[in-house]
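Take a look at the structure set out below.
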Amino acid sequence: MHRAQTGQKVIVMTVSAEGSPEASPVPGSERILRPWGWFETLVSGQVPSGDGAPGGYGVKRLWIAAHCRISLQRHHHRCEHWVVVAGSGELCCGDHRIAALPGTSLFVPIGAIHRASAGADGLLIIEVQRGDQLREDDIERFEDDFGRVVC
């Protein structure tokens, strides 16, 4: 069991035998399995940008299993904002590396090369995406631990 204190509230989260937080899927969302863990799209939508062009947003929950990491990658059509909600590890964006602990956040601009790596407890991240195209194929991989296509 992990405990994180936030102000006056104490949040308690249990962890399953596989190490993934016991997080119930959001009704209507689908848990997509990846070699490094899983992700769920919690919400998505379209909003007009300042210049009237359509823009999209999406919110995902990502679980990166203990000692795993996502590919070293970049996106051409979206930025991302990561907030660590549980676990530990490391977040990288460009030449910057920061410890990933509950409450840590990182902004990933469009085109920035980035990666998240989990420590021994795994890593749970809430990801907010914003851009003109929010597709799973908007990914350019530079390194991948699981043999997926690398440019």
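Just so it is clear, none of the values below were taken in a lab; they were calculated from the coordinates. As the structure is a computational prediction, the values presented were derived from the model and not from experiment. So basically every Cβ, Gly included, is an ideal-geometry build from the backbone, and we count neighbours across all protein chains shown.
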message: So the check is Cβ under 9 Å with 6+ separation or different chains; which pairs have a first residue in the stretch 114-139 that's farther than 19 Å from ILE64 by Cα and a second one that's polar (S, T, N, Q) and surrounded by fewer than 16 Cβ atoms within 10 Å (Cβ to Cβ)?
response: ASP132/SER49; LEU134/SER44
task: Filter the stretch 57-73 for residues that are of a type outside the set (Ser, Thr, Tyr) and closer than 15 Å to ARG130 by Cβ and give the result.
output: GLY58, VAL59, LYS60
query: What number of residues within the stretch 56-79 are among the hydroxyl-bearing types (Ser, Thr, Tyr) and surrounded by fewer than 19 Cβ atoms within 10 Å (Cβ to Cβ)?
result: 1
query: For ARG97, all conditions in the list (1) more than 15 Å from the chain's Cα centre (by Cα); (2) under 22 Å from LEU42 (Cβ atoms) hold save one; what is the number of the exception?
result: (2)
task: Can you tell me which residue within the stretch 84-128, out of those that are among the charged types (D, E, K, R) and part of a strand (DSSP E or B), is surrounded by the most Cβ atoms within 10 Å (Cβ to Cβ)?
output: GLU127
